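To start, the structure itself, in structure tokens.
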Amino acid sequence: MSKGFYQRFFYISSSLILWGCASSVNVEVSPTPKPPELIQEKPVNSLGGYFYSNGENAFGPFTQRMVQKCQGLNGGSVCNTQQWPEALFLKAYGQGRCPDGSRLNQILGYCVEGNQALGPFSKELVATCKDADGGDACQSTRWGSSFLYKLIQTKNLFTGRPPQFVLLAFDGSYSLDAWKKSRNFTQSLAKKNILAHFTYFISGVYFVNNEKRNLYKPPGGKGQGRSAIGWGGTPQEINPRLEQLNKAYQEGHEIGSHAVGHFDGSRWSETDWTREFEYFDRFIFDVYKINNLKGSLAFDRSAIQGFRAPELGQSPGLYKTLKKEGFRYDTSKVAAANYWPKLENGVWNFPLASLTTAMTRKNVLSMDYNFYYAHSKAKPNSSHAQRYEEDMFQTYLKYFQSNYSGNRAPVHIGHHFSAWNQGAYWNALFRFAEAVCGKPEVRCVTYSVLADFMDLQTPEQIAIYQKGAFSKLDKQK
């Protein structure tokens, strides 16, 4: 994989952020030594990463986890230098797109560790850095993420508008038909040049076979082996579910946590939530062992970045736990439709929206079950399915248009793996996604991408977005 591929990847990713006007740029780079001029560009793996080498040694940056692995590999004093033997570097790098201990920020298009972006950086960005009086530090392999973001803004001459993020998510994970239908839909959109990805909040019990249900002792005194939504069936039924899970992740969809037994945790303590998350990790990441199946997951625990509480049952104990458990965001709350996210308890608050339906004038959340209850008291009523579908579709369009032409607050929509009222709500969701995801400056992305964007904003910038204090899109264009 050449550096050209890496740069092409960067330009694709940076198309997510065609907005914003940069003011003065303060250089925030780490004074790591630059590598020699005569070096080779070598691929790390087939996932897009590359590194610089002089034929014998690889040059940084090296993450903290890589340094720890280096020491475990008996690298000795070399581990504290800025050049390692190639073989040692590759062993410590890991098997991912980014070096072990870092992750890809899809807004920047670069791997990040904490608040630092990891190079090597494109020649165009290095030149932009020098124009900003960065000097020799521009050749370093670590830049502050906010500094890199400002350089990208400068380079692209932004309009000041944020993109219109649209977040489409599913709670559940049991139905194979739902997995296939949702995945097939985004593939069909891709053929029309419309990009969209879902976030799936999965329930741990659907990956435990019925005979192993006593492995779970839910918090709140619910009783060992109990679940509010059943179990995974036989190992033979769980295996194709795992295949769908892996395929979804490999296709760019995101996997989040919907806890384990789908109990209302609004009275749970910090200890209760900690136990629930421990069960979730065990049931998902030991799934093949528990069910005596062959295979492996396409992702590890670091991929689980977000959470939605079953029945939206939050408690103070939850918000004392999420950050410690490694979550970046929570989607369990409710806010006004034009709410811009804020950090709360160390995690991003990505709430569902409070809406009024377009045709039936009911108060609902931006979630299919709320429509189902408002329309037919959560009981099937197929005779009005078409009207229910149109009501949701028009409500979502109104929600979107108000934000798109207003303050560009993210649009949050949550659905389930249930085809209530003859699939009226699935039909409405798909119609909505096809109608809006291809519009200018609209990004139908996963929640982790929104988190990547929010990580780069200051509280002052978020306040500007909340007020809608930026130029609006020219409707003539």
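The values are calculated or read from the model by the stated rules, or taken from the named source; none is laboratory data. For clarity, every value in this text was computed on a predicted model and none was experimentally measured. Quick reminder, even Gly has a Cβ in these numbers, built from the backbone with ideal geometry, and neighbours come from all protein chains shown. Keep in mind that these areas ignore ligands, DNA and RNA; they rest on the heavy atoms of the full protein, side chains included. Shrake-Rupley method; radii C 1.70, N 1.55, O 1.52, S 1.80 Å.
Some notes on this structure:
- Derived scalar couplings ³J(HN,Hα) [region 54-69; Karplus, 6.51 cos²θ - 1.76 cosθ + 1.60; whole Hz; x for Gly, Pro]: 9, x, 10, 10, 9, 9, x, x, 10, 6, 4, 5, 5, 4, 4, 5
- For the pair residue 229 and residue 405, the difference between a 0.36 nm per residue extended length and the Cα-Cα distance amounts to 59.3 nm.
- A straight Cα-to-Cα reach below 23 Å connects residue 150 with the lysines 3, 34, 123, 130, 342, 467, 472, residues fewer than 8 places away in its own chain not being considered.
- For residue 286, distant residues with modelled amide H under 5 Å away: none
- Packing, taken as the mean count of other beta carbons within 10 Å per residue, orders the peptides 283-292, 465-474 from highest to lowest as 283-292, 465-474.
- Antiparallel DSSP beta bridges within the chain, percent to nearest 5: 45 percent
- Amide proton proximity set for residue 58, modelled H, under 5 Å, gap of 5+: 84, 86
- Taking the Cα centre of region 404-477 as reference, the dipole from Cβ charges on Lys and Arg (+1) and Asp and Glu (-1) amounts to some 320 debye.
- Nearest-ten-degree value, helix 145-156 long axis tilted from longest Cα axis of the chain: 90 degrees
- 3J(HN,Hα) along region 362-375: 9, 7, 9, 9, 7, 9, 4, 4, 5, 5, 4, 6, 5, 7 Hz, from the Karplus curve 6.51 cos²θ - 1.76 cosθ + 1.60 with θ = phi - 60°, whole Hz, x for Gly and Pro.
- Calculated FRET value between residue 87 and residue 278, using beta carbons and R₀ = 56 Å, to 0.05: 0.90
- Derived scalar couplings ³J(HN,Hα) [region 264-275; Karplus, 6.51 cos²θ - 1.76 cosθ + 1.60; whole Hz; x for Gly, Pro]: 6, x, 5, 10, 7, 8, 4, 5, 4, 5, 4, 5
- Whole-percent carbon and sulfur share, accessible surface of the chain, 1.4 Å: 48 percent
- Normalised radius of gyration (Cα atoms, divided by 2.2 N^0.38 Å) for region 39-188: 1.30.
- Taking a straight Cα-Cα cut-off under 17 Å and skipping sequence neighbours fewer than 8 places away in the same chain, the aspartates and glutamates within cross-link reach of residue 362 are 389, 390, 391.
- Candidate lysines for bridging to residue 180, where Cα separation is under 26 Å - those fewer than 8 sequence places away on the same chain excluded: 191, 192, 247, 289, 294, 379, 439
- Largest to smallest accessible area among 174, 110 [probe 1.4 Å]: 174, 110
- Label point 7 Å beyond Cα of residue 214 along Cβ direction - residues of region 258-275 with amide nitrogen under 17 Å: none
- With a simple spin-label model that places each label point 7 Å from the Cα along the Cα-to-Cβ direction, the separation between residue 271 and residue 390 comes to 5.6 nm.
- Size of region 304-414 as Cα extents on the principal axes (Å, biggest first): 48, 34, 21
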